[in-house]
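Report on one structure; see the data block that follows.
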Amino acid sequence: MTDNRSRNGHRNGVAPGWHSPHNHYLLFADRVYKTYPDGAVRALNGVSLGVHAGEYVAITGPSGCGKSTLLNMLGVLDRPDAGEIYFRGEALTTRCDLDHFRARQIGFVFQSFFLIPTLTARENVQVPMFEGPRRTARQRAQKADELLALVGMSQRAHHRPMKLSVGERQRVAIARALANDPVLLLADEPTGNLDSENADKVLDLFTKLQKDRHLALIVVTHSDEVAERADRVIKMRDGRVVADSGAEIIPTPDPAATS
Amino acid sequence: MYFVSFILKNLARRPIRTVLTVLGLAVAVGSMIALLAVSYNVERSVEAAFDSRRVDLVVMQKGKPMGWDSEFSEYFVRETAKMPEVERVSEGIVGNANIERDGVLVDLGILLVQGWKPDNFGYEDLEILEGRRLQAGDRRKVMIGRTLANNLKELAKIGPIGHRVGDTLTFVGDPKNPYEIVGIFKSPVIFEDGGAIVPFEDGQALHSKRGKVTGFSVRVRKSAPDSHAEVETVKRKIEALRDPDDPYVVVVADTPDKYVQSVSQLELIRAVSWLVSAIALAVSVISLLNTMTMSVLERTQEIGILRAVGWPRGRVVRMILGEAACLAAAAALVGTVIAFIGMQTLTQMPKVNGFIEPDLSPWVVARGFALTVLVGVVGGAYPAYRAARLLPTEAIRHD
Ligand SMILES: Nc1ncnc2c1ncn2[C@@H]1O[C@H](COP(=O)(O)OP(=O)(O)OP(=O)(O)O)[C@@H](O)[C@H]1O
Ligand SMILES: [Mg+2]
């Protein structure tokens, strides 16, 4: 952490000095605002949030409060209207190779899996590997096999998504998210389409990944069981963070003060 | 898994659509390749014949690009032969003639009947398959090309008509003078195979051109094998000649390659084949655009996911262009086969028979492939652009 700070301390987009809290975090959202072009409401209304490496965070809140929007911002799938996302102290919104960054550092898991129907489980896991670290076709297949073993799907490696149960599909999707050994996993309602038995399997897997791989997890969920598993629960409402069980609470600043 | 495997799997997703698209493109590409081949083959065979007959200049009447409507007095031939730089000249009379059977015209399409003197350059690379060649003193004799021989043989099955050595043929307009078939030949010039050759004087009579020639070829005495200076001199001298009896007739002397370029029949074939090719290419591009745009729209969500897992726009573009290129490449392959079969079938038809060689030169196929790949890139460009523009957040929103 100290190392990171000294290396990045003078770089553009990083406010230098002891008072900059984002240097301590793996990922830090600094007063993020977002309004959709056709949306009347502000989907995000100045959210600040820091996540440590290896931390397991759950984000909850009523429907439409901006959870998915926030997750997209954290995973740099979308750029905020105002505010900044820092990764290990480095400002991301000014970077132009966000795809490259996403391929190597972030894994995504979605409620409806989004596996590619024409590819087998093993091939689906390899899709992100075309980006990320250089691997031969054989190494890609090998890595896919390892990941499928990790999520307990070795037996079904050669099946296409249609032939798999929903629980199995989500585990393949998790293996895909891990393809390039990211440090951060973002999951949007990962158990939303699963029965409780399959949901438990997925949650056990998350816990295992956090413990064994020191993976940071940010999971958006409606479910209390999911939230209970996390180290920290963040509650949102109307595009703001209203409660954070974590030790460091970063208050949402007064919008008037920011401008 | 390889990136290409992924591309192929995407195409295999809708096999019927893929096959139909490839077939549609292949028909267009095939007709393009066939036409390019036809015009290429005709030009090459004419050029090759002039080449093997060591012709330096071809003399025709100026302003008669159709070739066989060229007509001028034998005076030009005589004067040219006298020039010190000229080694030899070889004149000919060319025209379309028809054969009749019991006073009824036999439809053989275009039947090229040439009148040759016994020392015509053409004899040098004519292969006699049966019988003999025409000799000095022959009158009312005819040599027929092998394709014409075959066509006549087919007709002989319906009713009696001369088709073997020793048989006779009657030309329309001269029923009292049947021509005896003395030989069957094979010429390096494909359309000569579909025609016949008669003695020069008979040719003049048959085409009503007494004292005239259609054109003549000139061999120039050269200081070095590829020296152009003498050829230029002779060309200028020939073009300056004026017939005292008909001073308005002007001739042009062209080198064989220039002559082939200027022959309007060949020009027409070339123009038509490029026009049809352009239409075929336009149809192909539109068809590919349709298929690929549909395919991209269907996969909005998938493409969004690819972006989410870290694929940059460039890789999405490469994926779509790759799919389009694969379709085009498959179409080029199938199209080449279609072109080949099409040309074989076409050559079997008596009307075209003798004008088309069922031969696909690698150069023509390569050109067809290059144009088809171009179709792939152009037809894939817009869908690829659409795919690259898809926002990952939009694609995955409808969760
Ligand atoms: N692409 C978009 N265009 C317009 N408005 C949008 C878009 N995406 C989200 N919104 C709006 O922004 C607000 C926040 O949406 P978001 O999807 O982040 O909520 P959420 O907390 O994830 O809800 P849910 O629990 O239902 O998934 C909502 O009012 C939503 O309608
Ligand atoms: Mg949501």
(Q) Would you confirm, using the coordinates I've provided, whether A:Ala227 is touching a strand residue (DSSP E or B) at 6+ places or on another chain (Cβ under 7 Å), surrounded by fewer than 22 Cβ atoms within 10 Å (Cβ to Cβ), away from chain B (no Cβ under 12 Å) and small (Gly, Ala, Ser)? (A) yes
Q: Would you be able to say whether some residue in segment A:97-110 is over 30 Å from B:Ala12 (Cα atoms), surrounded by fewer than 20 Cβ atoms within 10 Å (Cβ to Cβ) and more than 16 Å from the chain's Cα centre (by Cα)?
A: yes
Q | Looking only at segment A:90-116, and only at residues there that are among the small types (Gly, Ala, Ser) and touching an Asp or Glu at 6+ places or on another chain (Cβ under 6 Å), the one that is nearest to ligand 1 (Cβ to nearest atom) | A | A:Ser112
Q: For segment A:45-59, name all the residues that are at pLDDT below 95 and within 13 Å of ligand 1 (Cβ to nearest atom).
A: A:Asn45, A:Val47
Q. Being at pLDDT below 95, crowded, with 20+ Cβ neighbours inside 10 Å, in contact with a Lys or Arg (Cβ under 9 Å, 6 or more places away or on another chain) and closer than 30 Å to B:Arg315 by Cα, is that true of even one residue in segment B:53-61?
A. no
Q) Going by the structure shown, is B:Lys258 crowded, with 18+ Cβ neighbours inside 10 Å, of a type in the set (Lys, Arg) and under 29 Å from the mean Cα position of the chain (by Cα)? A) no
Q: Out of A:Val172, A:Val183, report the one residue that is over 15 Å from A:Val57 (Cβ atoms) and either more than 16 Å from ligand 1 (Cβ to nearest atom) or surrounded by fewer than 24 Cβ atoms within 10 Å (Cβ to Cβ) (or both).
A: A:Val172
Q: Give the residues of segment A:60-89 that are within 11 Å of ligand 1 (Cβ to nearest atom) and over 21 Å from A:Ala227 (Cβ atoms), sorted by residue number.
A: A:Asp78
Q. Do we find that A:Arg135 is assigned to a helix (DSSP H, G or I) and away from ligand 2 (no atom under 16 Å from the Cβ) in this structure?
A. no
Q: Could you tell me whether any residue of segment A:164-187 is within 12 Å of chain B (Cβ to nearest Cβ), in contact with a Lys or Arg (Cβ under 8 Å, 6 or more places away or on another chain) and within 21 Å of A:Ser223 (Cα to Cα)?
A: no
**Q.** Count of segment A:114-128 residues which are more than 7 Å from chain B (Cβ to nearest Cβ) and crowded, with 24+ Cβ neighbours inside 10 Å
**A.** 4
Q. So which of A:Asp145, A:Asp204 ends up being under 20 Å from A:Ser223 (Cβ atoms), more than 9 Å from every other protein chain (Cβ to nearest Cβ) and part of a helix (DSSP H, G or I)?
A. A:Asp204
Q | Pair list, Cβ under 8 Å, 6 or more apart: segment B:291-313 residue under 23 Å from A:Arg104 (Cβ atoms), other residue surrounded by fewer than 23 Cβ atoms within 10 Å (Cβ to Cβ) and basic (Lys, Arg) | A | B:Leu306/B:Arg315; B:Arg307/B:Arg313; B:Gly310/A:Arg104
**Q.** Any helices (runs of 4 or more DSSP H) falling wholly within segment B:290-399 and containing at least 1 residues that are modelled with pLDDT under 95, away from chain A (no Cβ under 14 Å) and surrounded by fewer than 20 Cβ atoms within 10 Å (Cβ to Cβ)
**A.** B:313-348, B:362-389
Q | Looking only at segment B:184-209, and only at residues there that are under 24 Å from the mean Cα position of the chain (by Cα) and among the aromatic types (Phe, Trp, Tyr), the one that is nearest to B:Asn120 (Cα to Cα) | A | B:Phe185
Q: Check off (1) buried (at least 22 other Cβ atoms within 10 Å of the Cβ); (2) in contact with a helix residue (DSSP H, G or I) (Cβ under 8 Å, 6 or more places away or on another chain) for A:Gly66 and give me the number that stays unchecked.
A: (2)
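The values are calculated or read from the model by the stated rules, or taken from the named source; none is laboratory data. In this text the structure is predicted, and so the values were computed from the model without any measurement. Don't worry about glycine lacking a Cβ; one is built from the backbone with ideal geometry, like all the others, and counts go over all protein chains shown.
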